[in-house]
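These notes concern the structure reproduced below.
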Amino acid sequence: MKITALLVLKSDASASSSSSASAGGGDPLVLANATDVSHFGYFQRGAAKEFILFVARTVAKRTPPGQRQSVQHEEYKVHSYNRNGLCAVAFMDDHYPIRSAFSLLNKVLDEYQKAFGDSWKLAKSDATQPWPYLTDALTKFQDPAEADKLMKIQRDLDETKIILHKTIESVLERGERLDSLVEKSSDLSAASQMFYKQAKKTNQCCTVL
Amino acid sequence: MATRTAHSSYRDRTNEFRSAVESARKQLNVGASSSGGSSAGSRLDGSKAVASIQSEFNRRASKIGLGIHQTSEKLARLAKLAKRTSVFDDPTKDIQDLTAIIKKDIGALSAAVADLQHLCDSQNETGNISRDTTSHSTTVIDNLKNRLMSTTNEFKDVLTMRTENMKVHEDRRKLFSAAAGKEPANPFIRQRPLVNRGNSSDSAPPPAPWATESSESAPLFPRSTLTNRKKGNGEASSSSQPLMMQQQQQLAVHQDSYMQSRAEALQNVESTIHELGNIFTQLATMVSQQGEIAIRIDENMDDTLANVEGAQGQLLKYLNSISSNRWLMIKIFFVLMVFLMIFLFFVA
């Protein structure tokens, strides 16, 4: 369950049609980039980054606006979500649930819009400064439950259910103990009654000696 | 088919009826010839002609009445069939056949009524028929027309009911098969019911972004296809259009599965919460039952305490009675006296 990269790109709506008026006009522009290539060897990290950039550009170009898309590329799943020309792309492995991926992309896009407003529309080239939120998000959302509120709720509910099962078992045990206590107390009360009768009998009967 | 034979038997009766009328006429002829006289014969011929016309009229009227009755029977059958249709077992072919037959019958009957009216009018013009006969024939014709009209109205009602039923079945069928993306042209419209179903639980913010997006993706799609068509300058745009449509259909299916997974997750959450509610209820029941048990234990202990206290009191009394017994002193003194006496007796 690993996120390898998160990117935000600007993908024009007209980029999806095949009009090639300007050379770079068809390719989306990278607005923010956060990658975690630590599991590659040291010498492969640069190549891996380039590869990620290229695939992200391709996928963002092919995603029409207002659409979500998931593409399988070698061992990664690439999820992309295009919203009014602002496209968020995420590279994940196969175990990451798709829904959490898209809710994460949603969140990233909302944050980006909050942080940068509409300035991304004027971007003409790739943005090079790292965006700290994205890198934090990359580390924070390695666990899919964090990203997807539904999964979190489901997980909490499952834990609660387990706790409640244990509670019910202990309540049943308590019930058993209470039953044994009832038995014992009724025996005790019978014994004490016998004791009382015996004492009364001893007291009344032998007045001779 | 049974209706066909009924239809053909409706025709056969005509010949039977004609032969019966012929035999009746022969009897009338025999009766007339027995009385004798040519004038009587001519008068009888005249009356016979009148009678023949009248019997022709009666024959036709009875034919039409029978036809109307049979048509209304068929209509009742059709109504039963139309009402009974379930979602899967749809006797459309039977219903359509029956509908066609009934329509033909109604048409034939209305033509026959028109003929009868025509005959009655011609009778009124030619013959010297009494006023009662004309009024009778007009009444008969009106009655037949009314019955035919009521049958036609019933037929119309049955047809409308049938179309309503068909619509209801279509809706139900669409509801049942909404899970499979059978119609790729309609997922834009169908996303909204999924949105509504997904909004039933408490996570309002996550559905809201994609709900608004699905509603604006639907108009975006026709718009994008329109812009595609406008930009089509013969630059392989016509070939890209089916590709675009396919892509859009694929994407729409993807979107649909995304929504479906969200809806599923929400339903899971809802059912989990429901189960939790159940568990809490059971817990409360068990605890209240055990509360009763605890109360019983408490009562038992109180009884025990009372018994033991009573017993202790008794024993104390006993102890008191034993320790401070006046009788005991007298008894001891008595025993001492006895010993003294014996001692004194034996010694002195």
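The values are calculated or read from the model by the stated rules, or taken from the named source; none is laboratory data. Just so you know, these numbers come straight off a predicted model, no measurement behind them. A quick note on method: Cβ atoms are made from the backbone with ideal geometry, for glycine too, and the neighbour counts reach across all protein chains shown.
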Those residues of the stretch B:268-293 which are more than 7 Å from chain A (Cβ to nearest Cβ) and touching a residue at least 24 places away in the same chain (Cβ under 8 Å) amount to B:GLU270
Would it be correct to say that B:ALA111 is modelled with pLDDT of 85 or more and either surrounded by fewer than 16 Cβ atoms within 10 Å (Cβ to Cβ) or within 17 Å of B:PHE155 (Cβ to Cβ) (or both)?
-> yes
Which of the residues belonging to the stretch B:300-318 are more than 7 Å from chain A (Cβ to nearest Cβ) and either exposed (fewer than 14 other Cβ atoms within 10 Å of the Cβ) or more than 18 Å from A:VAL182 (Cα to Cα) (or both)?
-> B:ASP302, B:LEU305, B:GLU309, B:GLN312, B:GLY313, B:LEU316
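Residue by residue, here is whether (1) surrounded by fewer than 17 Cβ atoms within 10 Å (Cβ to Cβ); (2) within 10 Å of chain B (Cβ to nearest Cβ); (3) touching a strand residue (DSSP E or B) at 6+ places or on another chain (Cβ under 8 Å); (4) without any contact (Cβ under 8 Å) to a residue 60 or more places away in the chain holds:
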{"site": "A:GLY117", "(1), (2), (3), (4)": "yes, no, no, yes"}
{"site": "A:PRO132", "(1), (2), (3), (4)": "yes, no, no, yes"}
{"site": "A:GLN142", "(1), (2), (3), (4)": "yes, no, yes, no"}
{"site": "A:ILE153", "(1), (2), (3), (4)": "no, yes, no, yes"}
{"site": "A:ASP179", "(1), (2), (3), (4)": "yes, yes, no, yes"}
{"site": "A:SER186", "(1), (2), (3), (4)": "no, yes, no, yes"}
Check B:ALA236 against each of (1) more than 30 Å from A:LEU164 (Cα to Cα); (2) buried (at least 16 other Cβ atoms within 10 Å of the Cβ); (3) at pLDDT below 90; (4) facing chain A (nearest Cβ under 8 Å) and name the one condition it does not meet.
-> (2)
Members of the stretch A:63-98 that are free of Cβ contacts under 8 Å to residues at least 40 places away in the same chain, in a strand (DSSP E or B) and either closer than 21 Å to B:MET259 by Cβ or within 14 Å of chain B (Cβ to nearest Cβ) (or both) = A:GLN67, A:ARG68, A:GLN69, A:SER70, A:VAL71, A:GLN72, A:LYS77, A:VAL78, A:HIS79, A:SER80, A:TYR81, A:ARG83
What about A:LYS49, is it in a helix (DSSP H, G or I) and within 14 Å of another protein chain (Cβ to nearest Cβ)?
-> no
